[in-house]
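Undergrad: Here it is: the structure, laid out below.
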Amino acid sequence: MKFDWRAVVLPVALIALAEIGVRAHGPSDSLAPPSAVLGAFFEAFGDGSLLAATRDTLASAFAGLAIGGAIGLTLGIALGAIRPLDRALEATIEIVRPIPSVAVVPIALVALGFGYRLEIAIVAYACVWAPLLLTRAAVAGVEPRLIEVARALRLSLFARVVKIVIPAALPRIFVAFRLAAGVALIVAVTVEIAVNPLGLGYGIMTAGQALRPDLMLAYLVWIGIVGFALNAALVFAQQRLFGRAAQIGEAS
Amino acid sequence: MSHDALIRFSAVDLAFAGKLVLSKLSLAIARGEIVCIVGPSGCGKTTALRVATGLLTPTAGEVAFSGAPLKGPRRDVAIVFQDYGKALLPWRNAAGNVSLALEAAATPRAGRAQRISALLAKVGLPDHADKYPSQMSGGMQQRLQIARCLAQEPIALMMDEPFGALDAMTRQDLQDELLKIAGASGTTVFFVTHDLEEAIYLGDRVIGLLPHPGRIGIELKIDLPRPRDQVATREAPEFLRLRRELYDFIKGAER
């Protein structure tokens, strides 16, 4: 990717405009000039609170992603491979899936109380769907001839899944995990803002309640950076891992 | 010959969704025999092969292998599919694709690399172990599929129009290599093709099927001398006579 200086013009101009505008407006409880936001960012970075909050949020997001992703992957493989099972569960899945993850918060709160477990459970719930649906489609779409080759070679069910189905579906499964990773971060922060007293979402909430718009915006910008970095890392990994497979997928 | 049949169809019926594709098919293939099946499209020749491999179960009748009822695919029976591009693992290189058959048979890891190079050399791909199927020509891909099949150390090779998609020169090369390999190892070959000359050139016997539903219409014993030769065999009067007989049969069957 080549750097294009024109991409920077708009953000820089907006930041400059915000600086001028907010200073002209005078003190506010909801806005802060970018210079103050930067100051608050270094302050929160310096006293460790920002990093601790980042750690809490990412730990919950990744744990939830791992659990939800594993469930989605397993179910997706099973449903994609076993047609009767797919038909049996289709209605159930389509009824449960539209329930927004935030709507699960009250039940999860009663069941699990505040803390990591609550957040991980809700993130896991939210992260089941993309891997489940995409893995199911990818597995159901595995070249039938390869399944016949597996039958002809009398591969065990386990070997069939590990040697044929998963490698064939892997590029698309990875895309599903990239989507789920984005969802995991969003849901983790949402749960923190809604109820859970930890992480970056809680940091935004407390900063807002403390009438610290500079700190609030610093958290906001930081969440954006974390999300951007996460996605960039996953895109990079995808290209490194599946460069060849992706090409083959496109060619055939 | 029939007393030592490797594969025996006894009055096999096969129906798809109530529609009869094969009707009362009875035939016996002896050990080491090369039997070619020809017929107009829709005559069920591929279906017959799939029944013989155990990929399909007869609706009625019985398929016996080595005297025992056939229940599903066997590792000592290798299937060469026509669409080699779809039958290979695109994420594995040539060596990895051959390895799949060895892994399936739980061959000890130690000897694998050596066997893989020997198999690739046998099918004329000695220097292509690291190439991926997408980097290979159609002929090379089919050679690779054959190498994987030979890795099963099959007593029977089931081939479904394996050379149909290849250019004429490559096809002739592979025909001769198949005869060499089968001749040297005594492998039984069940070969489906729509190419009448190919059937006569390869076979000890050629069976012509009639369509709707598929049944045996003609059976020709091929007594052309072996080893066969792409020029001399195809010029032999007996070859031409068989070709005419088979051609007339197909013409009649299509009417």
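Taken together, the values in this text are just the output of simple stated rules run on the coordinates, not laboratory data. These numbers were taken from a predicted model, which means no experiment stands behind them. When we count neighbours, we look across all protein chains shown, and the Cβ atoms used for this are built from the backbone with ideal geometry, even at glycine.
Undergrad: Rounded to the nearest 0.05, what FRET efficiency do residue A:51 and residue B:55 have when you use their Cβ-Cβ distance and R0 = 56 Å? Each step should come with its number before you reach the end.
TA: On the way: r = 59 Å, r/R0 = 1.05.
FRET efficiency, residue A:51 to residue B:55: 0.40.
Undergrad: Cα atoms only, region B:81-223: Rg and Dmax in Å?
TA: 16.0, 51
Undergrad: Follow-up. Taking a temperature of 37 °C and a viscosity of 0.692 mPa s, what whole-number D in µm²/s does Stokes-Einstein yield for region A:38-242 with Rh from Kirkwood over alpha carbon pairs? Before the final figure, lay out each step's value.
TA: Working: Rh = 18.6 Å.
The diffusion coefficient I find is 177 µm²/s.
Undergrad: While we're looking at this one, here's another question. Hey, if you put +1 on the Cβ of every Lys and Arg and -1 on every Asp and Glu Cβ in region A:38-242, which of A:203, A:242, A:181 ends up farthest toward the positive end of that dipole?
TA: Of A:203, A:242, A:181, it is A:242.
Undergrad: When N is the residue count of region A:1-113, what does its C-alpha Rg come to as a fraction of 2.2 N^0.38 Å?
TA: Cα Rg divided by the expected 2.2 N^0.38 Å: 1.75.
Undergrad: Reachable lysines from residue B:221, Cα under 29 Å, same-chain residues fewer than 8 places away excluded?
TA: Cross-link targets: B:24, B:45, B:180, B:251.
Undergrad: Take peptide B:84-91, look around each residue's Cβ out to 10 angstrom, count Cβ atoms belonging to other protein chains, and average those counts. Don't jump to the answer; show the numbers that get you there.
TA: Working: counts 1, 3, 7, 6, 4, 7, 11, 9.
That average works out to 6.
Undergrad: How large is the helix-only mean residue ellipticity at 222 nm for chain B, computed as the sum of -39500 (n - 2.57) over DSSP H runs with n ≥ 4, divided by its residue count, in deg cm²/dmol to the nearest 500? Please list the in-between numbers first.
TA: Details: 9 runs with 99 residues, N = 255.
After summing the helix terms and dividing by the residues of chain B, the value is -12000 deg cm²/dmol.
Undergrad: Continuing with this model, one more query. Averaged across the residues of A:162-172, what count of C-beta atoms belonging to other chains lies within 10 Å of each residue's C-beta? Before the final figure, lay out the partial values.
TA: Numbers: counts 0, 7, 2, 0, 0, 4, 3, 0, 1, 1, 0.
Mean shielding count: 2.
Undergrad: Here's a follow-up. I'm a student and want to see the number: the projected area of the Cα convex hull of region A:97-162, averaged over all directions, in nm². Display every interim value, and only then the final one.
TA: Working: hull surface 24.5 nm².
The orientation-averaged projected area of the Cα hull of region A:97-162 comes to 6.1 nm².
Undergrad: Across every pair of different alpha-carbon atoms, what Kirkwood hydrodynamic radius in Å does region B:1-139 reach? Each step should come with its number before you reach the end.
TA: Numbers: mean 1/r = 0.0576 Å⁻¹.
After inverting the mean inverse Cα-Cα distance, the result is 17.4 Å.
Undergrad: Nearest 5 is fine: what % of DSSP beta bridges in the protein assembly as shown come out antiparallel, could you say?
TA: Numbers: 21 of 39 bridges.
The antiparallel proportion sits near 55 percent.
Undergrad: If I take all pairs of Cα atoms in chain B, what percentage of them are more than 35 Å from each other? Mind dumping the intermediate values first?
TA: On the way: 4530 of 32385 pairs.
Cα-Cα pairs in chain B separated by more than 35 Å: 14 percent.
Undergrad: Just the Kirkwood number for the protein assembly as shown, please: inverse of mean 1/r across all distinct Cα pairs, in Å, one decimal.
TA: Details: mean 1/r = 0.0363 Å⁻¹.
Result for the protein assembly as shown, one decimal place: 27.6 Å.
Undergrad: Any chance you could tell me what percent of the C-alpha pair distances in region A:152-241 go past 22 Å? All intermediate terms of the calculation are to be shown ahead of the outcome.
TA: On the way: 1953 of 4005 pairs.
Counting pairs separated by more than 22 Å, the tail of P(r) holds 49 percent.
Undergrad: A further question follows. Restricting to DSSP H runs of at least four residues, report the calculated mean residue ellipticity at 222 nm for chain A, -39500 (n - 2.57) per run over all residues, nearest 500 deg cm²/dmol. Walk me through the numbers before you get to the answer.
TA: Details: 10 runs with 201 residues, N = 252.
Computed mean residue ellipticity for chain A: -27500 deg cm²/dmol.
Undergrad: Another one. Separation between the residue A:12 and residue B:11 pseudo-spin-labels, each 7 Å from Cα along Cα→Cβ, expressed in nm?
TA: In this crude label model, residue A:12 to residue B:11 measures out at 8.9 nm.
Undergrad: Applying the Karplus parametrisation 6.51 cos²θ - 1.76 cosθ + 1.60 with θ = phi - 60° to the phi angles of region B:239-255, what ³J(HN,Hα) value in whole Hz is obtained for each residue in order, glycine and proline being reported as x?
TA: Here the 3J(HN,Hα) series is 4, 5, 5, 5, 4, 4, 4, 5, 4, 4, 4, 5, 4, x, 5, 6, 6 Hz.
Undergrad: Next question, about the same structure. Could you name the aspartates and glutamates whose alpha carbon sits less than 18 Å from that of residue A:163, not counting residues in the same chain fewer than 8 places away?
TA: Those aspartates and glutamates meeting the cut-off are A:143, A:148, B:103.
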